[in-house]
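The values are calculated or read from the model by the stated rules, or taken from the named source; none is laboratory data. Everything numeric here is computed off the predicted structure, so don't read it as measured data. Please note: Cβ atoms are built from the backbone with ideal geometry, for glycine as well, and neighbour counts cover all protein chains shown.
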Amino acid sequence: MKCKVNFNYSYFLISWLIFSAGFSFSQEIKTISPTPKIQKHKKVDEGEKLIFKYKAVNPSNDTLIVLPPEVDCSCTSVDYPDFILPQQEIELVISFDTDKKWGIQERKVEIKAETKDKKTIYHIPLKFKVNVKATPETKALIKKQIKESKK
C-alpha cells in the first residue's frame, strides 16, 4: 500500500519566511555590570530611609536611552539619567524606605537602556540586601497575629 503525501510548498515557504523574519528583527541583549554588583547594609531600625549608590559605564559607541526602572515595590525608588553618552560613567541612586519592613530585605532593581534604533538593549541589574530590625510596635503586632492564627 502506497501512502501519498500532499505537501504544499507555498505553505512551507511562507511559514519559513515568517519564522526567520522573527530572528532578523530581534534585539540584541547585553549586560552592563554595575559597581558594586550587590550592596549589603548593616542592621537598621525599621523606618530608616537608606541610599545605595552604583556606578555604571556605557561600553558602547552609541548614546543609550534609559527606560523607567523596574522595582519590587513602592518602597524603592531610583534616580537615573534620561540617557547615557558613549563611554560615559553614570551614578544610579536607589532609595529604600524601610517603613513597615522587617527582617532580611533583598531587592533587585532592573534598569534597561536601549540604542536609538532599538536594536540593542542593555540591562543594568542592581541588588541590595539589608536586615531591618522591627519596631516594638511591629513586634507586638506580629506576636498578636501569631496568637490569633493559632486559635
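In region 77-108, how many are assigned to a strand (DSSP E or B) and either of a type in the set (A, V, I, L, M, F, W, C) or under 24 Å from residue 139 (Cβ atoms) (or both)? Full working, then the answer.
So in region 77-108, the residues assigned to a strand (DSSP E or B) come out as 77-79, 83-84, 89-97, 103-108.
Going one step further and asking which of them are either of a type in the set (A, V, I, L, M, F, W, C) or under 24 Å from residue 139 (Cβ atoms) (or both), we end up with 78, 83-84, 90, 92-94, 96-97, 103-107.
So the answer is 14.
Check whether at least one residue in region 64-77 is among the charged types (D, E, K, R), modelled with pLDDT of 95 or more and within 26 Å of residue 127 (Cα to Cα), and report yes or no. So that I can check it myself, show each step before the final result.
In the first step, residues of region 64-77 are kept if they are among the charged types (D, E, K, R); the result is 70, 72.
Imposing the further condition that a residue be modelled with pLDDT of 95 or more reduces the set to none.
Checked against the condition, which is being among the charged types (D, E, K, R), modelled with pLDDT of 95 or more and within 26 Å of residue 127 (Cα to Cα), region 64-77 yields no hits at all.
Every condition in (1) of a type outside the set (S, T, N, Q); (2) touching a Lys or Arg at 6+ places or on another chain (Cβ under 7 Å); (3) under 20 Å from residue 33 (Cα atoms) is met by residue 111 except one, and the failing one is (2). Remark: residue 109 matches the filter, which requires a residue to be crowded, with 18+ Cβ neighbours inside 10 Å and either under 18 Å from the mean Cα position of the chain (by Cα) or free of Cβ contacts under 8 Å to residues at least 40 places away in the same chain (or both). Could you please let me know if residue 118 is under 28 Å from residue 56 (Cα atoms), part of a loop (DSSP other than H, G, I, E, B) and either touching a helix residue (DSSP H, G or I) at 6+ places or on another chain (Cβ under 6 Å) or of a type in the set (D, E, K, R) (or both)? Against the criterion (under 28 Å from residue 56 (Cα atoms), part of a loop (DSSP other than H, G, I, E, B) and either touching a helix residue (DSSP H, G or I) at 6+ places or on another chain (Cβ under 6 Å) or of a type in the set (D, E, K, R) (or both)), residue 118 qualifies. Mind checking which residues of region 114-144 are of a type in the set (D, E, K, R) and under 18 Å from residue 36 (Cβ atoms)? Scanning region 114-144 gives 127, 129.
Against the list (1) closer than 20 Å to residue 43 by Cα; (2) in contact with a Lys or Arg (Cβ under 7 Å, 6 or more places away or on another chain); (3) in a loop (DSSP other than H, G, I, E, B); (4) of a type outside the set (Lys, Arg), the condition residue 72 fails is (1). Look at region 54-75: where a residue is in contact (Cβ under 8 Å) with a residue 24 or more places away in the chain and a partner is aliphatic (A, V, I, L, M) and surrounded by fewer than 15 Cβ atoms within 10 Å (Cβ to Cβ), sitting 6+ places away or on another chain with Cβ atoms under 7 Å, you get 58/85; 63/85.
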